[in-house]
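Here's the structure we're looking at; comments come further down.
The values are calculated or read from the model by the stated rules, or taken from the named source; none is laboratory data. As the structure is a computational prediction, the values presented were derived from the model and not from experiment. For neighbour counting, all protein chains shown are included, and Cβ atoms are generated from backbone atoms with ideal geometry for every residue, glycine included. Quick note on the areas: whole protein, heavy atoms, side chains included, nothing else; ligands and nucleic acids left out. Shrake-Rupley method; radii C 1.70, N 1.55, O 1.52, S 1.80 Å.
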Amino acid sequence: QVQVVESGGGLAQPGGSLRLSCAVSGITFSITTIYWFRQAPGQQRELVAHETTGGTTNYADSVKGRFTISRDNAKNTAFLQMNYLKPEDTAVYYCNVQNFPRNYWGQGTQVTVSA
């Protein structure tokens, strides 16, 4: 059974940082593509960043230069380092792990950016 568990969310001040983690079990992590999505209240879920098995990364324009996605295959864990946080980054952040054709979601972790 595949499990995806996010952690690291919380309250941050504008300009601050948070590091989200996505712990994965039950699947060969090194051959998965990792996606981070977020969903703010009343809005659609949006793709924030993803990293392929080969290490190629892509980011939404709204987070380029501020967020960094990474992975530690030895620890079956992915990360999203979020710097220079803005109030508009407030959302529930979800990790999605894809091993085509299947993909798996975590339960999400709340990030709130407020003074």
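Compute the distance in nm between two label points, each set 7 Å from the Cα along the Cα-to-Cβ direction, one at SER25 and one at SER70.
2.4
Quick one: Karplus J couplings for segment 81-93, per residue in order, coefficients 6.51, -1.76, 1.60, θ = phi - 60°, nearest Hz, x for Gly and Pro?
These are the phi-based 3J(HN,Hα) values: 8, 10, 10, 6, 5, 10, x, 6, 7, 4, 4, 8, 9 Hz.
What are the residues whose amide H is under 5 Å from the amide H of ALA12, where those residues sit 5 or more places off or on another chain and H is modelled from the backbone?
THR112, VAL113, SER114
What do you get when you divide the Cα radius of gyration of segment 1-88 by 2.2 N^0.38 Å, with N the number of residues?
Working it through for segment 1-88, the quotient is 1.10.
What is the Rg over Rh value, at two decimals, for segment 44-111, using alpha-carbon atoms and the Kirkwood definition of Rh?
Computed over Cα atoms, the ratio is 0.94.
Which whole-number percentage describes the relative contact order of the chain, with Cα contacts under 8 Å and a sequence gap of 6 or more?
Relative contact order here is 37 percent.
Taking θ as phi - 60°, what are the ³J(HN,Hα) couplings along segment 98-104 by the Karplus curve (6.51, -1.76, 1.60), each to the nearest whole Hz, with x for Gly and Pro?
With coefficients 6.51, -1.76 and 1.60, one gets 10, 10, 2, x, 9, 9, 9 Hz.
For a quick check of understanding: with a 1.4 angstrom probe and all protein chains in place, what accessible area in square angstrom does SER17 have, to the nearest ten?
60
Length gain on complete extension for the stretch GLU46 to VAL5, per 0.36 nm per residue less the alpha carbon to alpha carbon distance?
The span from GLU46 to VAL5 would gain 12.9 nm if fully extended.
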